[in-house]
Amino acid sequence: MSGHGLLNGRVCAVTGGARGIGRAVCERYAEEGAAVAVCDINDDEGMRVRDALRASGARSAYVHMDVTDAPSVEAGATAVEAALGSVDVLVANAGILKQDRVLDMPDEAWQQTLDVNLTGVFNCARSFGRRMAERGKGGRILIASSMAGIVGGAFYGAYAASKFGVIGLAQSMAVELAGDGVLVNCVCPGAIQTEMIEQVIHEQAAATGRTADDVRNENLAPIAMGRFGEPTEVADIYVWLASDLARYVTGQRVVVDGGMLIT
Ligand code: NAI
């Protein structure tokens, strides 16, 4: 292990752990000494992540979990506990992005976005939160919001609605669960170099008839640091929020954006 033991002995479940930011969270948590449950609907990629974590010496399990489906989440939570023990940290990271102007948005795009990004977070936070409260040893619930959870923008109507929504959910849960020692926080990344951002660039290019390079430069322009973030730079914030270093932090939204909001 190359970390600092910040999460030694903790059991962590990461939804959307098969790729992107979720995968980076799984890897950093394992480096810091955690046992990690990779939860996803992408079984092939998820099992590959699990195998890589095990090969690095970590305890890890892959659990198929569709966050939009409450019974699947509940069964998944039971499977995580059976494989690794009671969960100390939930990272509700699974998310999707459907871009469209609100006036053109099909019902399905709106509904799918809310199903995964808002109801999915609710399903997971409720299942794992109940278990943490019943166990009586506290815990952490960490939720993927976004810069789009702080400011809306063209083509982001459904996505922004879902990402604003989870901040309200997190603040409410933070108040309700403080007495149980369960801390609830949101992470709000800016533009992070994952397949999701590549999808954003190519869809915007296709919709506007510009080149992907032009769209990429336009997306880079408002970032003070002049580059997209790396998944591991977001994962490090999830490490901090899961660790004892953040023991007095709850109900917050932590922005990780390379200076996008300030420009
Ligand atoms: P990604 O698209 O690379 O990975 C998302 C993962 O979620 C995939 O493994 C996918 O299989 C899984 N997933 C999708 N639907 C699911 C479901 N119903 N049940 C379980 N798993 C499901 O996304 P990325 O970029 O890693 O983003 C992760 C989170 O961070 C998302 O919530 C996203 O909205 C948020 N975010 C990402 C930003 C970025 O620039 N990449 C910026 C701000 C927020």
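Restricting Ala82, Ala61 to residues that are among the hydrophobic types (A, V, I, L, M, F, W, C) and either under 22 Å from Cys188 (Cα atoms) or in a helix (DSSP H, G or I) (or both) narrows the list to Ala82.
I'd like the residue in the stretch 91-117 that is in a helix (DSSP H, G or I) and over 23 Å from Cys188 (Cβ atoms) and, out of all such residues, is nearest to the ligand (Cβ to nearest atom). Per the criteria, the residue is Gln111. If you go through the stretch 38-65 and keep only what is surrounded by fewer than 20 Cβ atoms within 10 Å (Cβ to Cβ), near the ligand (Cβ under 10 Å from one of its atoms) and among the acidic types (Asp, Glu), you end up with Asp43, Glu45.
Candidates in the stretch 211-223 are the residues that are in a loop (DSSP other than H, G, I, E, B) and either among the polar types (S, T, N, Q) or surrounded by 13 or more Cβ atoms within 10 Å (Cβ to Cβ) (or both); of these, the one that is farthest from the ligand (Cβ to nearest atom) is Thr211. Just checking, does the stretch 50-70 include any residue being more than 17 Å from Pro231 (Cα to Cα) and modelled with pLDDT under 95? Among the residues of the stretch 50-70, not one is more than 17 Å from Pro231 (Cα to Cα) and modelled with pLDDT under 95, which makes the answer no. Select from the stretch 21-37 the residues that are within 14 Å of Tyr238 (Cα to Cα), within 16 Å of the ligand (Cβ to nearest atom) and among the small types (Gly, Ala, Ser) and list them in ascending order. Passing the criteria: Gly22, Ala24.
Here is a yes/no grid of residues against (1) among the aliphatic types (A, V, I, L, M); (2) without any contact (Cβ under 8 Å) to a residue 12 or more places away in the chain:
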residue: Asn185; (1), (2): no, no
residue: Gly190; (1), (2): no, no
residue: Thr194; (1), (2): no, no
residue: Glu203; (1), (2): no, no
residue: Thr208; (1), (2): no, yes
residue: Ala212; (1), (2): yes, yes
residue: Arg216; (1), (2): no, no
residue: Met225; (1), (2): yes, no
residue: Glu230; (1), (2): no, no
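Hey, does the stretch 5-25 have a residue that's more than 14 Å from Asn93 (Cα to Cα), hydroxyl-bearing (Ser, Thr, Tyr) and in contact with a helix residue (DSSP H, G or I) (Cβ under 8 Å, 6 or more places away or on another chain)?
We begin by selecting, within the stretch 5-25, every residue more than 14 Å from Asn93 (Cα to Cα); these are 5-11.
Next cut, hydroxyl-bearing (Ser, Thr, Tyr) only: none.
Scanning the stretch 5-25, I find no residue that is more than 14 Å from Asn93 (Cα to Cα), hydroxyl-bearing (Ser, Thr, Tyr) and in contact with a helix residue (DSSP H, G or I) (Cβ under 8 Å, 6 or more places away or on another chain), so the answer is no.
In the stretch 124-165, the qualifying residues are those that are under 17 Å from Met196 (Cα atoms) and among the aromatic types (Phe, Trp, Tyr), and the one that is surrounded by the fewest Cβ atoms within 10 Å (Cβ to Cβ) is Phe155.
The values are calculated or read from the model by the stated rules, or taken from the named source; none is laboratory data. Being a predicted model, the structure only gives us computed values, none of them experimental. Reconstructed Cβ throughout: ideal geometry from the backbone, glycine too, with neighbour counts over all protein chains shown.
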